[in-house]
1. Quick one: how many residues across the stretch 84-97 are touching an Asp or Glu at 6+ places or on another chain (Cβ under 9 Å) and among the hydrophobic types (A, V, I, L, M, F, W, C)?
2. Within the stretch 70-79, can you find the residues that are without any contact (Cβ under 8 Å) to a residue 24 or more places away in the chain and either crowded, with 16+ Cβ neighbours inside 10 Å or of a type in the set (S, T, N, Q) (or both)?
3. Any residue in the stretch 186-198 that's over 16 Å from Gly214 (Cα atoms): show its pairings with residues that are not in a strand (DSSP E or B) at Cβ separation under 7 Å, as long as the two are six or more apart or on different chains.
4. Taking only pairs six or more apart or across chains, which ones have beta-carbon atoms under 7 Å, a first residue in the stretch 43-69 that is among the hydrophobic types (A, V, I, L, M, F, W, C), and a second residue that is in a loop (DSSP other than H, G, I, E, B) and surrounded by 14 or more Cβ atoms within 10 Å (Cβ to Cβ)?
5. Given the conditions (1) at positive phi; (2) not in a loop (DSSP other than H, G, I, E, B), which single one is not true for Asp86?
Amino acid sequence: MLKRLHAMRISRNSEIFQMMEAGFAEDLLREVRAMANGPSYARWALEPYSIGMKLRTLRTQRHLTLSRLAVETNLSTALLSKLETDRMIPTLPTLANICRVYGVGLSYFFSDAAKHTLAITRKAHLIGNGRGQDGVKQVLLHALTSDARLVARMVEYPQGASGTMSEGGQPACSLVYVLEGKLQMDSGGMHEVLETGDCAYVDSDMAIAWGAQGTDRCRVLSVTPGNRHEG
């Protein structure tokens, strides 16, 4: 065991031996490994639950010092401090031990999470996933959920192709960024040409047509509200 601890380059040996004497060596080793791995998806996923803040709130509400809580749980004050400041992710056995002292269940820590959504779409998944008509290709850049506030698409217009952002009388709100080529936008007698790197914000009740200008294709990034769909 000492060789394993030495190989992990743990500097606070006194804390480790204190935990071992209390019978929580396995928990400690798991906690240390989690810390050694640095930021992880698990840490990110647990962040909305504010476990550290809830631990600290429970302790202060019950007027307990870290030293007193350490006695009640047989955990070190250093470990408890790290848990309360989110410098360490508690294992379920450790959290259950603390729950026993506070008289709450594990569910107390895993309810009322803040809104926290992350959707990553890799380049390999986007290739070949476009759809559309008349040569216009649209690629949804993320999984579309019912409560999505924004919808991001990459729209590709081949040479001479055009489409409609909105019909007359139907409000349209969109942020358009030209990734490649030139984009022509027509609305109510207004004609604008956006080149690569140009960006346009559109919020209008008028019909808007857009398409590739010139002899090259045009690719744009289009971001709309979740309840709107560009054509």
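The values are calculated or read from the model by the stated rules, or taken from the named source; none is laboratory data. Please read all numbers here as calculations on a predicted model, not as lab measurements. Glycine also receives a Cβ, built like all others from the backbone with ideal geometry; neighbour counts cover every protein chain displayed.
1. Selection size over the stretch 84-97: 2.
2. Within the stretch 70-79, Ala70, Thr77 qualify.
3. Within 7 Å, the pairs are Ser187/Met206; Ser187/Ala207; Gly188/Met206.
4. So the pair list comes out as Leu46/Ile89; Ile51/Pro90.
5. Condition (2) is where Asp86 drops out.
Conditions tested, residue by residue: (1) out of contact with any strand residue (DSSP E or B) (no Cβ under 7 Å at 6 or more places or on another chain); (2) outside the structural domain of Gln138 (by TED's automatic domain parsing); (3) under 15 Å from Arg153 (Cα atoms).
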| residue | (1), (2), (3) |
| --- | --- |
| Ser174 | no, no, yes |
| Tyr177 | no, no, yes |
| Glu180 | no, no, yes |
| Glu192 | no, no, no |
| Glu195 | no, no, no |
| Cys199 | no, no, yes |
| Ala207 | no, no, no |
| Gln213 | no, no, no |
| Asp216 | yes, no, no |
